[in-house]
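Below is one structure, written out as structure tokens, with a few remarks after it.
Read-outs throughout are calculated quantities, based only on the coordinates presented, and are distinct from any laboratory measurement. What you see is a predicted model; the values in this text were computed from it and never measured. Glycine also receives a Cβ, built like all others from the backbone with ideal geometry; neighbour counts cover every protein chain displayed.
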Amino acid sequence: MAEKSFAETIDERLAAIERIVALLTEDGGQADLRDLRVLLIDVIGLLKRDPGVEAAVDDLYAAARCLVVDREVGSQPQARKLRLLRDARQRFHDRLIAASEKVGPDEYRELQGAAAVYAAHMSPRVVQVDLGWYRKLSA
């Protein structure tokens, strides 16, 4: 099997993230949110460290999480949260494309292995989220 080019890999990950965001806007739940988190961690691992991409990833995940959590508790207004998610998705898309153009083929090979290490390092931190303060505000 032939190796994918870096551009193909980025396009594939971006398409998967787009599908998850579309599911979240329709009526996605916690499972879709976990899938989004895994994909975002994977994408960060494919790139050199870029604060702009990291901020866009944080914004996208926060907007998606807010939408899912608020939907579960019946909080309003959903239209604003949907708009924030769409805006965050567009910023992420733009930043990812710009950052991916800076990575060459040799750097891509080095970063492939680093993605797994980064995901293993970051996953426990992402999973441990205390929503107690949010639930108190929503009550």
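Observations on the model:
- Couplings for segment 76-91, taken from phi via the Karplus curve 6.51 cos²θ - 1.76 cosθ + 1.60 with θ = phi - 60°, read 10, x, 6, 4, 5, 5, 5, 5, 4, 5, 5, 5, 5, 4, 5, 4 Hz in order; Gly and Pro are left as x.
- 3J(HN,Hα) couplings calculated from phi for segment 36-49 with the Karplus curve 6.51 cos²θ - 1.76 cosθ + 1.60 (θ = phi - 60°) are, in sequence order, 4, 4, 4, 5, 5, 4, 4, 5, 4, x, 7, 10, 5, 4 Hz; Gly and Pro show x.
- The dipole here belongs to segment 8-52: it is taken about the Cα centre, uses +1 on the Cβ of Lys and Arg and -1 on the Cβ of Asp and Glu, and is about 300 debye.
- In terms of packing, defined here as the mean over residues of other Cβ atoms within 10 angstrom, the peptides 26-34, 80-88 line up highest first as 80-88, 26-34.
- Peptides ranked, highest mean first, by Cβ atoms within 10 Å: ranges 15-25, 48-58: 15-25, 48-58
- Virtual spin-label span in nm between ALA31 and ALA55, 7 Å along Cα→Cβ: 3.6 nm
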